[in-house]
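Worksheet for the structure shown next.
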Amino acid sequence: MSASVPTREVARRAFATEFNDATYTFKESDDDRAPVYSLLPTGQRANRVFVAGTLTETEDVGDDSEYWRGRIVDPTGTFFTYAGQYQPEATSVLRETETPAYVTVVGKPRTYETDEGDVNVSLRPESISVVDDTTRNRWVVETADRTLDRIEAFDGTNEYATMAETQYGSELSTYRDGVISALEDLEAAADEEIPAEA
Amino acid sequence: MTDLREHAVDIHEQFSDSLDVGVDEIESRLETLVSEYRVPVDEARRSIVSTYLDEADMDREDLSGGTSQSATVADIDTPEEWLDLTVKIVDLWEPGSDSIAQVGLLGDETGTVKFTKWAKSELPELEEGSVYDLEGVVTDEYQGRFSVKLNSATTIEALDTDLEVGDDATDVEGALVDIQSGSGLIKRCPAEDCTRVLQNGRCSEHGDVEGEFDLRIKGVLDDGVEIHETIFNQESTEELTGITLEEAQQMAMDALDTEVVVEEMRETVLGRYYRVAGPTLGRYVLANDIERLGAPTDAERVLIRARSM
């Protein structure tokens, strides 16, 4: 593929637990404009993700100018998203949405080091949409499926699996268990909503 | 037989019906061009064919390649190839010019393609819904889209059979993760056959023009594995967003800004799941059919998969 026509990065699907564990970032070329990737522990590079969950809290944490933080909760954990003046549309969604609400976010993983030396992963939104529960539930099943795909492909022939094994180790049961509990949670919710047939 | 002799025989075959010219004469003309004037063989051959076409008062398209081969519609990917097709006439259109006898769409199991039958080819009339063996049609390309031409060298045989015509539509689904610039309420150049999208009231071909309003979305569907760029035309944009062209114009007028339309559209459709089906045009899928995807249907399957790992 020609280098002059950059291809759009696929938005990976990962649950919050795995997303927040993706603390290792890398580039694949020395070019200043080369995309930065977060390495998912199940062995995939992610320059962009698509996530869904419940927006539970929003807060303007900016000093001089608006800088909004949103907490988005999925069945496994919490995504933290930050939007400021360079993301005007996402910022206005965080400012104006009444919580709780189901949202989907297209965005880029960002890492930052805390004063204590821990690496935190957050999400810089390209767009935030207020959606209904069917979209959120579809994302849960899709993300479960994609996560299992990655776990299944986690072996020595896979470049990013090898990289993940070096960076994080090969213990993936947390992520498989996350998938199971997310899906069980979905079934439980569905059972509550749909009255038993006579 | 020498190379030149072979070329001469080929050319002779092509003109044997229409010109009284011998293989030796053709070979000697080739010889002159190639040996004396150092013209490459292909160019020499081309030049001689042109000369004979003039003499015979024929067009290059009338020329039988003598090498047409059996093919399917999906095989068509190169212009100026001679092919034999077994096809059904799917649709007949109104010819736009007196030089065209019939124009329309033909297809086989693998897809459909536009065809043109020249008036001077004096070929029999093709009937919509009938199936034919077409021997010696020529492929053509215009702006990346292929068609086939039926000319006087084409033979047509009606078959007493039916054919299932396949469509080359693709079917893609995913989350709508982006709406690209040039979407929403746009203006197109009104010049005939132009339809270019205006940038700041200017058409790149016709300059400053009074544009005509249209609705369009260039979107990206992403399923987490790959992306599909998708174009929604006016009709499918209206269906997708629930905003009609009239409403969009009203919105833009009220706000004194056309951007409000695409902003409203972003809010309604971004970050939701869709399935679209339609033909592909370059790297785009044209969204003729749109389905909003709601609640998941395969949770049970994925749960079983997870538990068995």
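Considering only residues that are out of contact with any helix residue (DSSP H, G or I) (no Cβ under 9 Å at 6 or more places or on another chain) and surrounded by 14 or more Cβ atoms within 10 Å (Cβ to Cβ), look in the range A:100-118 and name the one that is nearest to the other protein chains (Cβ to nearest Cβ).
If we filter the range A:100-118 for residues that are out of contact with any helix residue (DSSP H, G or I) (no Cβ under 9 Å at 6 or more places or on another chain), which is where we start, we get A:100-101, A:106, A:108, A:110-118.
Right, trim to surrounded by 14 or more Cβ atoms within 10 Å (Cβ to Cβ) and you get A:101, A:106, A:108, A:110-111.
Values: A:101: 12, A:106: 5, A:108: 12, A:110: 18, A:111: 21 Å.
The extreme case among them is A:106.
Can you confirm whether residue A:185 is open to solvent by 70 Å² or more (accessible area, probe 1.4 Å), closer than 16 Å to residue A:16 by Cα and without any contact (Cβ under 8 Å) to a residue 60 or more places away in the chain?
On the way: open to solvent by 70 Å² or more (accessible area, probe 1.4 Å): yes; closer than 16 Å to residue A:16 by Cα: yes; without any contact (Cβ under 8 Å) to a residue 60 or more places away in the chain: no.
It is false that residue A:185 is open to solvent by 70 Å² or more (accessible area, probe 1.4 Å), closer than 16 Å to residue A:16 by Cα and without any contact (Cβ under 8 Å) to a residue 60 or more places away in the chain.
Take the residues in the range B:139-156 that are open to solvent by less than 20 Å² (accessible area, probe 1.4 Å) and closer than 14 Å to residue B:77 by Cβ; name whichever of them is modelled with the highest pLDDT. Break it down stepwise before answering.
As a first pass, look at the range B:139-156 and keep what is open to solvent by less than 20 Å² (accessible area, probe 1.4 Å): B:139, B:147-148, B:150-151, B:154.
Among the residues that remain, those that are also closer than 14 Å to residue B:77 by Cβ are: B:139, B:147-148.
Working: B:139: 90, B:147: 90, B:148: 93.
Applying the filter and picking the extreme gives B:148.
Could you grab me the full set of residues in the range B:53-91 that are farther than 15 Å from residue B:153 by Cβ, open to solvent by 30 Å² or more (accessible area, probe 1.4 Å) and either modelled with pLDDT of 85 or more or not in a strand (DSSP E or B) (or both)? Please lay out each step first, then the result.
From the range B:53-91, those farther than 15 Å from residue B:153 by Cβ are B:54-55, B:70-79, B:86-91; that's our starting set.
Applying the additional criterion that residues be open to solvent by 30 Å² or more (accessible area, probe 1.4 Å) yields B:54-55, B:70, B:72, B:74-75, B:77-79, B:86, B:88, B:90-91.
Selection gives B:54, B:55, B:72, B:74, B:75, B:77, B:78, B:79, B:86, B:88, B:90, B:91.
Go through the range A:160-189 and give me each residue that's of a type in the set (Gly, Ala, Ser) and within 14 Å of chain B (Cβ to nearest Cβ). Give the steps one after another, and end with the answer.
Going through the range A:160-189, the residues of a type in the set (Gly, Ala, Ser) turn out to be A:161, A:164, A:169-170, A:173, A:178, A:181-182, A:188-189.
Within the range A:160-189, A:173, A:178, A:181, A:182, A:188, A:189 qualify.
Look at the range B:114-129 and say how many of its residues are open to solvent by 10 Å² or more (accessible area, probe 1.4 Å) and in a strand (DSSP E or B). It would help to see each step written out before you state the result.
Of the range B:114-129, the ones open to solvent by 10 Å² or more (accessible area, probe 1.4 Å) are B:114, B:118-125, B:127-129.
Next, only the ones that are in a strand (DSSP E or B) stay: B:114, B:118.
Within the range B:114-129, residues that are open to solvent by 10 Å² or more (accessible area, probe 1.4 Å) and in a strand (DSSP E or B) number 2.
When the range B:255-286 is examined, which residues are found to be over 10 Å from residue B:184 (Cα atoms), within 12 Å of chain A (Cβ to nearest Cβ) and open to solvent by 50 Å² or more (accessible area, probe 1.4 Å)?
Residues satisfying the conditions are B:267, B:268, B:275, B:283.
Right, residue A:92: within 27 Å of residue A:27 (Cα to Cα), open to solvent by less than 40 Å² (accessible area, probe 1.4 Å) and either within 11 Å of another protein chain (Cβ to nearest Cβ) or not hydrophobic (A, V, I, L, M, F, W, C) (or both) or not?
Working: within 27 Å of residue A:27 (Cα to Cα): no; open to solvent by less than 40 Å² (accessible area, probe 1.4 Å): yes; either within 11 Å of another protein chain (Cβ to nearest Cβ) or not hydrophobic (A, V, I, L, M, F, W, C) (or both): yes.
So residue A:92 fails the test.
Quick check on my filter: what residues within the range A:132-178 are in contact with a Gly (Cβ under 6 Å, 6 or more places away or on another chain), of a type in the set (A, V, I, L, M, F, W, C) and open to solvent by less than 30 Å² (accessible area, probe 1.4 Å)?
Within the range A:132-178, A:161, A:164 meet the criteria.
I want to confirm something. Restricting to the range A:119-159 and keeping residues that are more than 14 Å from chain B (Cβ to nearest Cβ) and in contact (Cβ under 8 Å) with a residue 40 or more places away in the chain, which single residue is farthest from residue A:71 (Cα to Cα)?
Taking the range A:119-159 as the starting set, the residues that turn out to be more than 14 Å from chain B (Cβ to nearest Cβ) are A:119-122, A:124, A:156-159.
With the extra rule that they be in contact (Cβ under 8 Å) with a residue 40 or more places away in the chain, the set shrinks to A:119-122, A:124, A:158.
Numbers: A:119: 18, A:120: 14, A:121: 13, A:122: 10, A:124: 12, A:158: 33 Å.
Checking each candidate, the answer is A:158.
Can you name every residue in the range B:157-211 that is over 30 Å from residue B:72 (Cα atoms), open to solvent by 50 Å² or more (accessible area, probe 1.4 Å), away from chain A (no Cβ under 14 Å) and small (Gly, Ala, Ser)?
Within the range B:157-211, B:204 is the sole residue that qualifies.
Looking at (1) open to solvent by less than 50 Å² (accessible area, probe 1.4 Å); (2) under 30 Å from residue B:220 (Cβ atoms); (3) of a type outside the set (Phe, Trp, Tyr), which is the one condition that is false for residue B:110?
Single failed check for residue B:110: (1).
Considering only the range B:229-254, state which residues are surrounded by fewer than 19 Cβ atoms within 10 Å (Cβ to Cβ) and either in contact with a Phe, Trp or Tyr (Cβ under 8 Å, 6 or more places away or on another chain) or farther than 15 Å from residue B:186 by Cα (or both).
Selection gives B:229, B:239, B:242, B:245, B:249, B:254.
Output the number of residues of the range B:102-154 satisfying the condition of being under 18 Å from residue B:81 (Cβ atoms), touching a Phe, Trp or Tyr at 6+ places or on another chain (Cβ under 7 Å) and of a type in the set (A, V, I, L, M).
5
Which numbered condition trips up residue B:261, out of (1) at pLDDT below 95; (2) in contact with a Leu (Cβ under 8 Å, 6 or more places away or on another chain); (3) assigned to a helix (DSSP H, G or I)?
The number of the failed condition is (1).
The values are calculated or read from the model by the stated rules, or taken from the named source; none is laboratory data. Model, not experiment: these values are computed from the prediction. We place every Cβ from the backbone using ideal geometry, glycine too, and count neighbours over all the protein chains shown. To get the accessible areas, we keep the full protein, side chains included, count just its heavy atoms, and leave off ligands, DNA and RNA. Shrake-Rupley method; radii C 1.70, N 1.55, O 1.52, S 1.80 Å.
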